[in-house]
């Protein structure tokens, strides 16, 4: 995120980034389960998603939220960390070729995605 | 009959060679972020590139000069130095981006990081340029590039809402993220109106010994070949809009784009995307590497020609050797190929006036073109689109960089 962005813009960018990489991880996981992508690619993409979300969480932690967006900021930070954790487990499942665990984790990721969507809507209203 | 075959082959190579790393990256980003809303920019860029390619072929066929030769002769070496240096920098970055595209395609299928592929890819590129002829470089890789037609097939498999697609062909203002919208628009124009394309085309026309009898072939290849080629770019944008946009995936890395064909074609879609990316970028890297050698050799008055043995044009061969390996080192150093591509395409739009305005003056010079000079339509279309791309670039690039 750029240092010249306002806190509200930073939060918006953060939300977009987290949502985009969560969707990417879900698509990669589902594609691997269907046999549409090789294992190496799925693991690589999940690693990229996990790393990006961890970086995003770090950036959110370092950024100073304005008072109006403080609660939203904290929620997004928590959400980003939680999603990064799920994606890390998904990567491990793909590396072990454990389809059952991956299916279970994909459901968990879907729930996280819905929570993120609700947060996004709230963000849209508040910012 | 021979003419018809020549036109058909020319058109096929234009279609197969249309996509490169810039066109792929910008179309995928545009579709993922703005659905069909940036289709009009692809259309605008295609119109401009048709005129520019036709002009560079006409210049070569009528005056028997390459674009570089004619520019240097008409404006003098000191003036020509400015577009020459600008072209060299942008071409060098474009070459690195193309090599990066090939490496990423290999990373997708093998799982081995793109960085480790940079030097092997550079070596194969160099070997092909060293051993190959112009015909092999131009036609061989472009015919393989017809694999990119899989994006066109995917559009029909996915059944897009055609009314929305048609609406995207009409220029419109963004409803959100204006800075990003204009930045992607600039990058699309930079990717389509690549100066290396028409420098390369005019050198190729000289290599193929074109004369006034080839003006029909030139017009056919430029108009039909480029139009069909742009269908692939449009299709790629549409597929991205249908697959990535609804999921909210914005493309920051190539890994995110690699799944766009899995929805219509399953596992083969993944292979088709990797093959399309690899082949399109490999063909474009050959052209960009060769073009740099053409530009340098023609500017400095050295012997040049891909059809000659390297020992007959040693400095020409040395030039592409050096440029290819320097470009490969940038990728080996770990520069993000997608960021490099988008930056290079936006930069291309900034330097367009430096390259295109002298070209337009030349195309209106009776001493070079005689009665085949530009008409008002060619001049106006190219001038308007170039100025538009430049203005958009100097406004959108700072907004995108400083706005994050």
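Bear in mind that the values in this text are calculations on the coordinates, not laboratory data. Since the structure is predicted, the reported quantities are computational estimates derived from the model, not experimental observations. Please note: Cβ atoms are built from the backbone with ideal geometry, for glycine as well, and neighbour counts cover all protein chains shown.
In terms of the Cα gyration tensor, with a ≥ b ≥ c the square roots of its eigenvalues, is the stretch B:277-404 rounded because a/c is under 1.5, prolate because a/b exceeds b/c, or oblate? Judged from the Cα gyration tensor, the stretch B:277-404 comes out oblate (a/c at least 1.5, b/c at or above a/b).
Translational diffusion coefficient of the stretch B:252-310 (Stokes-Einstein, Kirkwood radius from Cα pairs, 20 °C, 1.002 mPa s): 153 µm²/s. Relative to the longest principal axis of the Cα atoms of chain B, the long axis of helix B:77-110 makes an angle of roughly 40 degrees. When the alpha carbon coordinates of the stretch B:21-85 are projected onto the principal axes, the ranges are 46, 26, 17 Å, largest first. Give me the angle, in degrees from 0 to 90, between the Cα long axis of helix B:195-207 and the longest principal axis of the Cα atoms of chain B, rounded to the nearest 10. The angle comes out at about 40 degrees. Across chain A, the mean sequence separation of Cα contacts (distance under 8 Å, 6 or more residues apart), normalised by length, yields a relative contact order of 32 percent. Ranked for footprinting exposure by Cβ neighbours inside 10 Å, fewest first, A:21, B:268 give B:268, A:21.
Against chain B, whose longest principal axis is taken from its Cα atoms, helix B:314-332 shows a tilt of about 20°. Ranked for footprinting exposure by Cβ neighbours inside 10 Å, fewest first, B:339, A:121 give A:121, B:339. Label separation (residue B:146 vs residue B:367): 4.4 nm, computed from points 7 Å beyond Cα along the C-beta direction. Using the Cβ-Cβ distance between residue B:178 and residue B:311 with R0 set to 41 Å, the FRET efficiency works out to roughly 0.15. Each listed q (0.06 Å⁻¹) maps to a log10 I(q)/I(0) for chain B from the Debye sum over equal C-alpha point scatterers, namely -0.21. Our summary gives the stretch B:50-162 a relative contact order of 10 percent, counting only alpha carbon pairs under 8 angstrom and 6 or more residues apart.
Label zone (residue B:215, point 7 Å along Cα-to-C-beta; backbone nitrogen cut-off 17 Å) within the stretch B:62-76: B:62-65. Projecting the alpha carbon convex hull of the stretch B:165-287 along each direction and taking the average yields 9.8 nm². Taken over the C-alpha atoms, the stretch B:103-172 has Rg and Dmax values of 18.4, 50 angstrom.
For chain A, the percent of C-alpha pairs falling in each 5 Å distance bin, counted from 0 to the bin holding the largest distance, reads 2, 12, 23, 21, 16, 11, 8, 5, 2, 0.
Within 10 Å of the Cβ of each residue in B:251-261, the mean number of Cβ atoms contributed by other protein chains is 5.
With R₀ fixed at 41 Å, the C-beta to C-beta distance from residue B:357 to residue B:135 puts the FRET efficiency at about 0.80. Ordering B:51, B:18 from the fewest to the most neighbouring beta carbons within 10 Å gives B:51, B:18. All distinct Cα pairs of the protein assembly as shown go into the 1/r average, and the inverse of that average, the Kirkwood radius, is 23.9 Å.
When a/c reaches 1.5 or more, the comparison of a/b and b/c decides; with that in mind, is the stretch B:279-331 rounded, prolate or oblate per its Cα gyration tensor? Verdict is prolate for the stretch B:279-331. Taking square-rooted eigenvalues a ≥ b ≥ c of the alpha carbon gyration tensor, is the stretch B:130-208 rounded, prolate or oblate, where a/c under 1.5 means rounded and, failing that, a/b exceeding b/c means prolate? Cα axes put the stretch B:130-208 in the oblate bin.
Regarding the stretch B:344-383, what whole-number volume in Å³ per residue does the convex hull of its Cα atoms give? Kindly include the intermediate steps, with their values, before the conclusion.
Details: hull volume 2.6 nm³, N = 40.
Taking the convex hull of the Cα positions in the stretch B:344-383, it is 66 Å³ per residue.
Across all directions of projection, what mean area in square nanometres is found for the Cα convex hull of the stretch B:47-163? Over every viewing direction, the Cα hull of the stretch B:47-163 projects on average to 11.6 nm². In this simple spin-label approximation, residue B:377 and residue A:115 carry label points 7 Å from Cα along the Cα→Cβ vector, and these lie 6.1 nm apart.
Take the Cβ atoms of residue B:81 and residue B:159, set R0 to 51 Å, and the FRET efficiency comes out at 0.45. Taking every C-alpha pair closer than 8 Å and separated by at least 6 residues, the mean separation divided by the residue count of chain B gives a relative contact order of 37 percent.
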